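Input: a single structure, listed below in structure tokens.
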There are 4 protein chains.
Amino acid sequence: MASSSPENYSDIKTPERCYVDFCLVPVGTASASVANEVAAVQKLLRASGIKHTMHSAGTTVEGTWDQVFTIIGKAHSLVHSSGVVRIQTSMRVGTRTDKTQTAEDKVKRVEDILGSSS
Amino acid sequence: MASSSPENYSDIKTPERCYVDFCLVPVGTASASVANEVAAVQKLLRASGIKHTMHSAGTTVEGTWDQVFTIIGKAHSLVHSSGVVRIQTSMRVGTRTDKTQTAEDKVKRVEDILGSSS
Amino acid sequence: MASSSPENYSDIKTPERCYVDFCLVPVGTASASVANEVAAVQKLLRASGIKHTMHSAGTTVEGTWDQVFTIIGKAHSLVHSSGVVRIQTSMRVGTRTDKTQTAEDKVKRVEDILGSSS
Amino acid sequence: MASSSPENYSDIKTPERCYVDFCLVPVGTASASVANEVAAVQKLLRASGIKHTMHSAGTTVEGTWDQVFTIIGKAHSLVHSSGVVRIQTSMRVGTRTDKTQTAEDKVKRVEDILGSSS
């Protein structure tokens, strides 16, 4: 990676495509339930038009790097605006340059292997 | 938490119930595809009888703390046994003592809020 | 959270301050070592001037939401530009509105509690 | 991975060595501070004798798979016993079979690369 000299760092762009699976946890709320906050974030995602899928342990969002992290940043601000003073989010972020693979493609790939081996 | 003196640490048990959402990544394989390793882990989970659900960014497992982490540890060993020398896994782990809530319950709770507000 | 109607989602800004602890894993490289990639990312962080601290399991970055995620996005692109076709990163992200607390403050807070109780 | 037939799954052992970097978050507490809970967990780790290092975004623990996850499970139970009804923990877990590398080794490896290139 010798060619990455400091001079050209400013030319680096963020990835054109990524997926982020995130789980947002409000901290310091009196209630142990987080369903209201999760629902508010789902509404934000729907309104944004970004591709997203909720599962029991998080939500997967797909788009450009900047789109995805801007909408999750807005999700933090939205939940803060409802009175939650602290938020902790865990994320899994994936990028690849060899091919375009959607969330559905990934699951199907594994299911095909499982189907053919049984 | 003043009552937790060192003397009685040995009496503490691991939680009777937890969920773990995990994403296992083989490192140092020549291929960028991880589908074979994910499929092998799915077979292990099926054979174990533990409750689990795969999604595009990971797999959620539910059971006692010891059951869940033993099976994920075996998953690491299984993938190592196929020749992968390094594995990196990210996990989200949840425990609660106020109620028993399954993965399906959590999703339904959010969908109910979304449904009633639209 | 009744006041968050779709109409004003566009007004929501990303947080002014956050910390992100991230661990970037190159996938599909022939080598199990990730030290070269981690070092390249450290150089990028240094050149950027953003506050960051490396530890054995990741690197913690502090700044505005947009600064932090832009630099981590650039880190993905930098590692891709060296020939790595797939990257998987896990992140912990924290925001709070009740006070400004640096990474050092957080550690000191815990050490003070530990010191006063022993 | 054709040799991993269901019949011999029961012979698989959990890894002899791993590191886990974890961040435990109490949910549904009235306070946004988590320092008391973090301190209680540090005391548990100290009393256990397991190798561990705290940083501002988590704690890294090293040992056998079973040792590490048993102590983190006890940490959950300890925090629950103080009245916290819900806990969410994010973890990064690493295992490798090609060599034994401590947390200090990993940081030194990167610093050596950074030092030799500047």
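Quick notes on this structure:
- Think of chain B as a dipole: +1 on every Lys or Arg Cβ, -1 on every Asp or Glu Cβ, centred on the Cα centre; then among B:45, B:115, B:65, B:45 lies furthest on the positive end.
- Amide H contacts of residue B:29 (H built 1.01 Å from N, under 5 Å, at least 5 apart or other chain): C:28, C:29
- Positive-end extreme of charge dipole, chain D - chosen from D:88, D:10, D:31 (charges on Cβ): D:31
- Restricting the calculation to Cα atoms, chain D yields a radius of gyration followed by a Dmax of 17.7, 54 Å.
- Accessible solvent surface per residue of the protein assembly as shown, calculated while the other protein chains remain in place, 1.4 angstrom probe, Å²: 42
- Under 5 Å from the amide H of residue B:63 lie the amide H atoms of B:18, each residue being 5 or more positions distant or on a separate chain, with H modelled from the backbone and absent for Pro and chain starts.
- Judged by the mean number of other Cβ atoms found within 10 Å, the most tightly packed of the peptides A:14-27, B:99-112 leads the ranking A:14-27, B:99-112.
- For region B:46-87, dividing the convex hull volume of the Cα atoms by the residue count gives 87 Å³ per residue.
- Charges were assigned to the Cβ only: +1 to each Lys and Arg, -1 to each Asp and Glu. The resulting dipole of the protein assembly as shown about its Cα centre is roughly 0 debye.
- GNM top mover of A:98, A:66, A:11 - chain A, alpha-carbon springs below 10 Å: A:11
- The dipole here belongs to region B:20-87: it is taken about the Cα centre, uses +1 on the Cβ of Lys and Arg and -1 on the Cβ of Asp and Glu, and is about 160 debye.
- Expected 222 nm ellipticity per residue - DSSP helices of 4 or more, -39500 (n - 2.57), all of chain A, to 500: -13000 deg cm²/dmol
- Average beta carbon contacts from partner chains per residue of B:109-115, 10 Å cutoff: 6
- 5 angstrom amide H check on residue D:101, placed H, neighbours 5+ away: none
- Spin-label zone in region C:10-35 - amide nitrogen under 16 Å from a point set 7 Å from the Cα of residue B:30 along the C-beta vector: C:28-32
- Peptide B:42-54 - average C-beta neighbours from other chains (10 Å radius): 3
- Label geometry 7 Å along the beta-carbon vector: residue C:100 inter-copy distances in nm: 4.3, 4.6, 4.9
- In this structure, residue B:17 and residue D:11 have a Cβ-Cβ separation that, at R0 = 45 Å, corresponds to a calculated FRET efficiency of about 0.95.
- Computed about its Cα centre, the charge dipole of chain B is approximately 280 debye, with only Lys, Arg, Asp and Glu carrying charge at their Cβ.
- Inter-centroid distance (Cα atoms) of region C:32-72 relative to region A:17-59, Å: 26
- Accessible surface of the protein assembly as shown [probe 1.4 Å, protein heavy atoms]: carbon and sulfur percent: 51
- Phi-derived couplings, Karplus 6.51 cos²θ - 1.76 cosθ + 1.60 at θ = phi - 60°, listed residue by residue for region A:16-28: 6, 8, 7, 10, 10, 9, 10, 9, 9, 10, x, 10, x Hz, with x used for Gly and Pro.
- Cα-based Rg of the protein assembly as shown normalised by 2.2 N^0.38 Å, two decimals: 0.93
- Position residue B:16: other-copy label points at 3.7, 4.8, 5.5 nm, ordered by increasing distance, label point 7 Å along Cα→C-beta.
- Modelled spin labels at residue A:47 and residue C:47, positioned 7 Å past Cα toward Cβ, are 3.9 nm from each other.
The values are calculated or read from the model by the stated rules, or taken from the named source; none is laboratory data. Given the structure is predicted, the values throughout are model-derived calculations rather than measurements. Cβ: placed from backbone, ideal geometry, glycine included. Neighbour counts: every protein chain shown. Ligands, DNA and RNA are excluded from the accessible area calculation, which covers all protein heavy atoms including side chains. Shrake-Rupley method; radii C 1.70, N 1.55, O 1.52, S 1.80 Å.
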